[in-house]
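Notes for the one structure printed next.
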Amino acid sequence: LVRATMATRQTTGFVQSLLRLVGLDWRVPDFSTLCRRQKTLNVAIPYRGGTGPLNLLIDSTGIKAEGEGEWNARKHGGAKRRIWRKVHIGIDEETLEVRAVEVTGSNIGDAPILPDLLDQIPSDEEIGSVTADGAYDTRKCHEAIAARCAAAIIPPRKNAKPWKPTSPGAIALNEALRASKYLGRAICRRWSGYHRRSRVESKMNCIKLLGQSLMARDFDRQVAELQVRIAVLNGYTALGVPITVDVG
């Protein structure tokens, strides 16, 4: 709570100094007002959009919400229980902007959240493909992707069995399973472009560079805090990203 309050106090002072620099006599809300408003803050995440169908890359990671850090836990025995939140994101492969985000408790799996991420993409926007790791190889995920007329680039589990072809999602999974058995898992991943999923892993690292833990203690405020981070990150991404070119 103290860390969260201090961070908000610092923000208030920073904004006050900026207003003085530009000669404006505007009143800045105090830290208590900012904390109250953060709980109901509705953050609009900006994005530019690509030139063609959206190729969505999905991943999730954990971020510390409460408790001592790793060093203090080792040195002093971790007197306080650590609490984690799980961040699920989907990014545009072309622009590398975050297009969908969900925040859950650490006890929620990856697969149940994928339909919620897809629901954040406007229904009139075409989705070309959805790329995710093997944790999303479930019937619900395949059906949600097929409902958006998109290709599911998800490696089948090693013990995966064919499903009855009673739905588009089941048919898509059976085709991926046949291709994996015929070509081999390594060739199939390279052929399908699965390795581009590393871009969403890099984006997760960027999110954590803005802070390894959350300042807020209330769940709604934590969601708003992460949404603000992602909105800022999309703004940075819009300024430009490195371009890698093969040489030789």
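The values are calculated or read from the model by the stated rules, or taken from the named source; none is laboratory data. Given the structure is predicted, the values throughout are model-derived calculations rather than measurements. When we count neighbours, we look across all protein chains shown, and the Cβ atoms used for this are built from the backbone with ideal geometry, even at glycine. Each accessible area value is taken on the protein alone, full model and side chains, heavy atoms only, with ligands, DNA and RNA left out. Shrake-Rupley method; radii C 1.70, N 1.55, O 1.52, S 1.80 Å.
In table form, for the structure just shown:
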{"read-out": "Contacts under 6 angstrom Cβ, first residue in the range 133-162 being in the same structural domain as Arg185 (by the TED database) and touching a residue at least 12 places away in the same chain (Cβ under 8 Å), partner open to solvent by 50 Å² or more (accessible area, probe 1.4 Å) and assigned to a loop (DSSP other than H, G, I, E, B), 6 or more apart", "value": "Gly134/Arg157; Asp137/Arg157"}
{"read-out": "Residue count, the range 61-103 (criterion: at pLDDT 95 or above and of a type in the set (Ser, Thr, Tyr))", "value": "0"}
{"read-out": "Some residue of the range 193-205 being out of contact with any Gly (no Cβ under 6 Å at 6 or more places or on another chain), surrounded by 15 or more Cβ atoms within 10 Å (Cβ to Cβ) and more than 20 Å from Leu114 (Cα to Cα)", "value": "no"}
{"read-out": "Failed criterion for Asp246 (all others in (1) part of a helix (DSSP H, G or I); (2) not assigned by the TED database to the domain that holds Ala100 hold)", "value": "(1)"}
{"read-out": "Qualifying residues in the range 12-40 (those that are surrounded by 12 or more Cβ atoms within 10 Å (Cβ to Cβ) and β-branched (Val, Ile, Thr)) - the one farthest from the chain's Cα centre (by Cα)", "value": "Val28"}
{"read-out": "Test: Arg178 is open to solvent by 90 Å² or more (accessible area, probe 1.4 Å), out of contact with any helix residue (DSSP H, G or I) (no Cβ under 8 Å at 6 or more places or on another chain) and over 19 Å from Asn55 (Cβ atoms)", "value": "yes"}
{"read-out": "Subset of the range 94-132 (residues that are under 13 Å from the mean Cα position of the chain (by Cα) and among the acidic types (Asp, Glu))", "value": "Glu97, Glu102, Asp110, Asp116"}
{"read-out": "Every residue from the range 79-116 that is crowded, with 18+ Cβ neighbours inside 10 Å and part of a loop (DSSP other than H, G, I, E, B)", "value": "Glu93, Thr95, Leu96, Glu97, Asp110"}
{"read-out": "Residues that are of a type in the set (Lys, Arg) and in a helix (DSSP H, G or I), drawn from the range 26-59", "value": "Arg36, Arg37"}
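To keep it simple, each residue is scored yes or no on (1) over 19 Å from the mean Cα position of the chain (by Cα); (2) at pLDDT 85 or above; (3) among the β-branched types (Val, Ile, Thr).
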site	(1), (2), (3)
Gly169	yes, no, no
Glu175	yes, no, no
Arg185	yes, no, no
Val200	no, yes, yes
Ile207	no, yes, yes
Arg217	yes, no, no
Gly235	no, yes, no
Val241	no, no, yes
Thr244	yes, no, yes
